[in-house]
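The values are calculated or read from the model by the stated rules, or taken from the named source; none is laboratory data. Owing to the predicted nature of the structure, the values given are computational and were not obtained by experimental measurement. Every residue, glycine among them, receives a Cβ derived from its backbone with ideal geometry; neighbour counts consider all protein chains shown. Just so you know, the surface numbers come from the protein's heavy atoms only, side chains and all, with ligands and any DNA or RNA stripped out. Shrake-Rupley method; radii C 1.70, N 1.55, O 1.52, S 1.80 Å.
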Amino acid sequence: MGQRMGIDVTAERVIPLPCERVAAYAMDWCHDAEWTQGIRTAELTRQAEAGGFGVGAEVTRTAYFLGKRIDYVLRVAAYEPLRLLDMASVAGPMPMHVTYTFAPHPGGGTLARIRVRGDASGLYGLAAPLMGRKVRSSLVKDLRDLERRLSTPQD
């Protein structure tokens, strides 16, 4: 019986901007393709029970990872506006959880953190160590791009 390989990667960055601004932008699925590595499109394909975005809502993303197109659906499992967004995949190539957290940083600005956990079994299991490094690199770039996007005046 093959061992199940897991990925559990976290990246964080202090962004020198108010927590409300960083979290509001990053937690809005409409902006996913603007700052998240590899994501080409994101679409709200199921609303929360109360309507709009919240627990139970589903976002369908099309991304490119290691040169392959990946379509996956993330369902919101926990949502605390401006603080926490936890999403679990309900369709896609492998089970995964993506958690975004935002908190005021004691030195000013926002501590932004992204954690990705996944079950890389089967073919993905063989590449788990490589995938873990690639995911970590992507998360570091995501947070850098998030800061750059919010620090640059938009048209």
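State, to one decimal in nm, how far the label point of Ala50 lies from the label point of Ala88, with both points 7 Å from Cα in the Cβ direction.
Roughly 2.1 nm, to one decimal.
Could you give the dipole magnitude of the chain about its Cα centre, charging the beta-carbon of Lys and Arg +1 and that of Asp and Glu -1, in debye to the nearest 20?
600
Gaussian network model of the chain, Cα springs within a sub-10 Å range: biggest mean-square fluctuation belongs to which of Tyr64, Tyr100, Tyr79?
In this elastic network of the chain, the residue with the biggest mean-square fluctuation among Tyr64, Tyr100, Tyr79 is Tyr64.
For the chain, what does the helix formula give at 222 nm: sum of -39500 (n - 2.57) over DSSP H segments with n ≥ 4, over the residue count, nearest 500 deg cm²/dmol?
Value at 222 nm, helices only, nearest 500: -7500 deg cm²/dmol.
So for the pair Ser151, Thr41, with labels modelled 7 Å out along Cα→Cβ, what separation do we get in nm?
3.3
What is the Cα convex hull volume of the chain when expressed per residue in Å³?
Looking at the chain, the number lands at 119 Å³ per residue.
Which one of Ala88, Ala48, Ala26 has the biggest mean-square fluctuation once the chain is modelled by GNM with Cα springs under 10 Å?
Residue with maximal mean-square fluctuation among Ala88, Ala48, Ala26: Ala48.
So with the 1.4 Å probe, I'd like the accessible area per residue for the chain, rounded to whole Å².
55
In nm, what is the difference between 0.36 nm times the number of residues separating Lys68 and Arg133 and their Cα-Cα distance?
Difference between extended and current length: 21.7 nm.
Taking the chain as the reference, fit the longest principal axis to its C-alpha atoms, fit the long axis of helix 128-151 to the helix C-alpha atoms, and give the angle between the two in degrees, 0 to 90, nearest 10.
20
Just subtract the alpha-carbon distance of Thr10 and Val140 from 0.36 nm times their residue separation and send over the number in nm, one decimal.
45.9 nm
For segment 25-112, what does the alpha-carbon gyration tensor say about shape, rounded, prolate or oblate, given a ≥ b ≥ c as the root eigenvalues, a/c under 1.5 as rounded, and a/b over b/c as prolate?
Note, shape of segment 25-112 comes out oblate.
Carbon and sulfur atoms: what percent of the 1.4 Å accessible area of the chain do they account for?
Heavy-atom surface of the chain belonging to carbon and sulfur, 1.4 Å probe: 54 percent.
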